[in-house]
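Shown next, in structure tokens, is the structure this report addresses.
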Amino acid sequence: MFYIIVGICIVVVIITLFLIDKYAAFSEMMGSFSNSGFKKLMVGLSIAAVLSISYGIYAKITYQPPFLDVSINGSSYTIFGDIGDIGYYSDGLVTVNQQVEVNLVSWEELNLADEVDMLVTYPSGKKVSWTSSVTSVEDASINEVKAIYKLSPYTFEEAGNVTITIKDKSTRFTIDVKE
């Protein structure tokens, strides 16, 4: 939005300079420009305005937030992770040394079995194997989401971005574990 506003401000300056050139061409301000200098300024400002507005529109259209607020089975949750690929939500904040139930949200069909082996990689490089029972959440409906899976409770040992890899699917997602 910032770039669109800057672009609009540049357009206002261009219009103002154009009107001054048309109605007060012999003013002191216009006399300070050489003939080619004023044209170059107008072309440069026009290019800057078009680029600024174009980038602002592009950024606005393609922006994808790092989270998605949804309502599942009558409760409100925030999905974090890679929205549009694999994300997660939980009943509370995911913190160190506190057991939490993580729900996996996938925009692709994963077809997970009742029990899944996962590799938990902590920021320190420590790797832990986690075998989780998996339950499909059937009554949830979110636009374009193919599947929601409830994983068994787990206690994370370190804070930071923890990467979880589903071994047999070679799929990974990252959970932000707080202190």
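Only the coordinates and a few stated rules stand behind these numbers; no lab work does. Keep in mind it's a predicted model, so treat the numbers as computed, not measured. Every residue, glycine as well, gets a Cβ built from its backbone with ideal geometry; the counts of neighbours run over all protein chains shown.
Quick notes
- Each label point was placed 7 Å from the Cα along the Cα-to-Cβ direction; for Thr131 and Gln64 their separation is 3.5 nm.
- Alpha-carbon radius of gyration plus Dmax, which is the widest Cα pair, for the chain in Å: 27.0, 83
- Here Lys167 is the anchor, and the aspartates and glutamates within straight C-alpha reach of less than 18 Å, apart from those fewer than 8 places off in the same chain, are Asp85, Glu108, Glu109, Asp114, Glu115, Asp117.
- Under a model in which nothing but the beta-carbon of Lys, Arg (+1) and Asp, Glu (-1) is charged, the chain shows a dipole of about 1080 debye around its Cα centre.
- Label point distance in nm, Glu138-Leu19, each placed 7 Å from Cα along Cα→Cβ: 6.7
- Normalising the average separation of contacting C-alpha pairs (under 8 angstrom, six or more residues apart) by the number of residues puts the relative contact order of the chain at 18 percent.
- Extension gain from Asp91 to Asp176, taking 0.36 nm per residue of separation minus the Cα-Cα distance: 29.2 nm
- Inter-part distance where the range 1-31 and the range 109-179 are each reduced to a Cα centre, Å: 56
- Peptide ranges 32-43, 66-77 listed from the most packed, as the mean C-beta count within 10 angstrom indicates: 66-77, 32-43
- Candidate lysines for bridging to Lys169, where Cα separation is under 29 Å - those fewer than 8 sequence places away on the same chain excluded: Lys126, Lys127, Lys146, Lys150, Lys178
- Length gained when the stretch Phe26-Ile47 is fully extended (0.36 nm per residue, less Cα-Cα span): 4.9 nm
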